[in-house]
Amino acid sequence: MSEYLPAYQGSVTKYVFVESTRFTAGDLALKALEVAEGVMIKETCFGFQVTGTKEEVDRVIEKVRAMDPNHIFVKDRGFPPGDPRRCRANLGGARPGFHGHEFELTLIRNISKGLERVEKAEEKGEKIVLPEKAEQKKLDARRLKQLADVEGP
Amino acid sequence: MAKVFIYPTTSLILSDMVSRFGHEPLGAAIGIRERIQTPGIESPPLQVTPEEPKKGLRYAAVEVPSGVRGRMAVVGPLIDQAQAAIIVNDADLAFGCMGCSRTNELVKYLVRKRGIPVLELTYPRTEEEGVTFVSSIKNFLKSLGEEKP
């Protein structure tokens, strides 16, 4: 067993994703580098990763998010960028966690639309009416027995 | 600001929504970061040490596979400190390397058992559902802000 010393002790890493028709991931990373002031920025295919103290990271994200708030999304990351335990440069194939992001990014345009509509409704003082939830009926005991009989040998 | 547990714990959408509306998301990244940033004995890849499944005994019995207990050692403390939770029920991505089905069932059960406010949703597949999704989360988080300023 060997001693473990973290590479960026006390730092916070966050992912920034962009799903916009106005900006590319490169534009976003460039803006982040402009306001970085020494904070570590790593450009990725979906946006960038930012690593630093919590205050520094929040400052960079606030400035970048102002570009297009409804199309820029932020998420915490456990590992710092380039960590050999996660970086696909060392492992090959997709980074663990990539498939989850890939799936959610297919739905993110619906979230952007939702954010836009909610914002507009608030500006106009309107209220968005949420559809009523269908009541979940309890399964009837007789019906359960019927199902059990069908499934039986 | 309330601490809001999110499920799936690696969800980008939920993590963003919670922090965007002024609360603190509690996801897997927080638990993993704690371990990755703490000096100690090398235990790759996630710095989950042999001690962790023992901690997991608080949430799952000893007969339960050590994988469930190991995962619960990361997720369990987050559920304990949560003041509210948002659960997306049709999250297939929660099954696989992120978490086994039994862990997922246990996580949802523990969240519901804690008696904290819980919002249960499904992923928005259309724009209309997106509006409902965002609006539900915003209203839910707003009500938390009123209860716990």
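Here, each number is a calculation from the coordinates, and none is a lab measurement. Note that the structure is a prediction, hence the values are computed from the model and not measured. Heads up, the Cβs are rebuilt from the backbone with ideal geometry, glycines too, and the neighbour counts pull from every protein chain shown.
Once both axes come from the Cα atoms, what is the angle between helix A:141-151 and the longest principal axis of chain A, in degrees from 0 to 90, rounded to 10?
The angle comes out near 80 degrees.
Would you be so kind as to identify which of B:SER15, B:GLY27, B:ASN89 lies farthest towards the positive end of the dipole of region B:4-92, taking Lys and Arg as +1 and Asp and Glu as -1 on Cβ and the Cα centre as origin?
Value: B:GLY27.
Using a cut-off of 24 Å between alpha-carbon atoms, which lysines can reach B:LYS108, once sequence neighbours fewer than 8 places away in the same chain are excluded?
Filter leaves A:LYS75, A:LYS133, A:LYS137, A:LYS138, B:LYS3, B:LYS54, B:LYS55, B:LYS138, B:LYS142, B:LYS148.
Summing -39500 (n - 2.57) over the DSSP H runs of n ≥ 4 in chain B and dividing by its residue number, what mean residue ellipticity at 222 nm do you reach, to the nearest 500 deg cm²/dmol?
-15000 deg cm²/dmol
Could you size up the charge dipole of region B:3-145 around its Cα centre, putting +1 on the beta carbon of Lys and Arg and -1 on that of Asp and Glu, and report it in debye to the nearest 20?
460
Once you treat every alpha carbon in region A:1-121 as an equal point and sum by Debye, what is log10 I(q)/I(0) at q = 0.17, 0.18 Å⁻¹?
Listed by q, the Debye log ratios stand at -0.91, -1.00.
Looking at region B:46-149, which trypsin sites (Lys or Arg not before Pro) are DSSP coil and have at most 13 other C-beta atoms within 10 Å of their C-beta?
When the trypsin sites (Lys or Arg not before Pro) of region B:46-149 are filtered for loop state and at most 13 Cβ neighbours within 10 Å, B:ARG125 remain.
Rounded to the nearest 10 degrees, what's the angle between the helix B:101-113 long axis and the longest principal axis of chain B, both from Cα atoms, 0 to 90?
Once rounded, the angle reads 60 degrees.
Compute the length gained on full extension between A:THR106 and A:ARG88: take 0.36 nm times their separation in residues and subtract their Cα-Cα distance, giving the result in nm to one decimal.
Residue separation times 0.36 nm, minus the Cα-Cα distance, leaves 4.3 nm.
About the Cα centre of the protein assembly as shown, how large is the charge dipole given +1 on each Lys and Arg Cβ and -1 on each Asp and Glu Cβ? Please answer in debye to the nearest 20.
The dipole magnitude comes to about 660 debye.
Under 37 °C and 0.692 mPa s, how fast does region B:3-145 diffuse according to Stokes-Einstein, given a Kirkwood radius computed over C-alpha pairs? Answer in µm²/s, whole number.
Stokes-Einstein gives a translational diffusion coefficient of 208 µm²/s.
Checking the cross-link filter: which aspartates and glutamates have an alpha carbon closer than 17 Å to that of B:LYS113, excluding same-chain neighbours under 8 positions apart?
Partners found: B:ASP80, B:GLU105.
On C-alpha positions alone, give me the angle between the axis of helix A:25-35 and the longest principal axis of chain A, in degrees, nearest 10.
Compared with the principal axis, the helix lies near 50 degrees.
Quick check: pseudo-label points 7 Å beyond the Cα along Cα→Cβ at B:GLU34 and A:ALA7, how many nm apart are they?
A separation of 2.4 nm, rounded to one decimal place.
I want the antiparallel fraction of DSSP beta bridges within the protein assembly as shown, as a percent rounded to 5.
60
Is it possible to state the helix-based mean residue ellipticity at 222 nm for chain A, with each DSSP H run of 4+ residues giving -39500 (n - 2.57), the sum divided by total residues, to the nearest 500 deg cm²/dmol? What is it?
Helices in chain A give a 222 nm mean residue ellipticity of -13500 deg cm²/dmol.
Just add up the charged neighbours of A:ALA148: K/R +1, D/E -1, any other residue whose Cβ is under 14 Å from the Cβ of A:ALA148.
0
Residues in region B:103-121 near a label at A:LEU139, defined as backbone nitrogen under 14 Å from the 7 Å Cα→Cβ point?
Within reach of a label on A:LEU139: no residues.
At 7 Å along the Cα-to-beta-carbon direction for both A:GLU37 and A:ASP149, put a label point, then send me their distance in nm to one decimal.
In this crude label model, A:GLU37 to A:ASP149 measures out at 7.5 nm.
So what's the net charge close to B:MET17: Lys and Arg +1, Asp and Glu -1, counting the other residues with Cβ under 11 Å from its Cβ?
Every neighbour counted, the sum reads +2.
Region A:87-153: which trypsin sites (Lys or Arg not before Pro) are DSSP loop and have at most 13 other beta-carbon atoms within 10 angstrom?
A:LYS127, A:LYS133, A:LYS137, A:LYS138
Quick check: net charge around B:VAL74, other residues with Cβ under 11 Å of its Cβ, Lys/Arg +1 and Asp/Glu -1?
Its environment carries a net charge of +3.
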